[in-house]
1. What residue, of ARG48, ARG11, is surrounded by fewer than 17 Cβ atoms within 10 Å (Cβ to Cβ) and of a type in the set (D, E, K, R)?
2. Look at ALA24 and say whether it is in a helix (DSSP H, G or I) and at pLDDT 95 or above.
3. Give all pairs with beta carbons closer than 6 Å in which a residue from region 49-68 that is closer than 14 Å to HIS79 by Cβ meets a residue that is among the basic types (Lys, Arg); count only pairs at least 6 apart in sequence or on separate chains.
Amino acid sequence: MSAAEHLEQARTHLSAGESDQAMAAIRLALAEDPENLDTMLFAARLVRQGGNAQAAESLYSKIIEHHPESAAALAGLGHVSGCPVAMSGLSFCFAGRSH
């Protein structure tokens, strides 16, 4: 099964309320294509929804390293860190934080 198929399977599981199965499918997708933006964002979203803000913050930071243009990753990082991201000027309130 391809990474795209695993991602679609993860989406289907999440829609059905099956978060454990969604996580298993997204792990397989990441194993196939670890730097795919859609897959990485979905994984971060799953982790965030599961309540692990620290792990989600780490994932969003990794996404930004590989895909600095990703507005979704910037917004997700702002959400989990409690720091609103001002998209118009891409100004952040991460001063003093180490990422």
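The values are calculated or read from the model by the stated rules, or taken from the named source; none is laboratory data. Predicted model only: the values in this text are computed from it and were never measured. As a convention, Cβ positions derive from the backbone with ideal geometry for all residues, glycine included, and neighbour counts pool all protein chains shown.
1. Only one candidate passes the filter, namely ARG11.
2. Yes.
3. Going by the 6 Å Cβ cut-off, the qualifying pairs are ALA56/ARG48.
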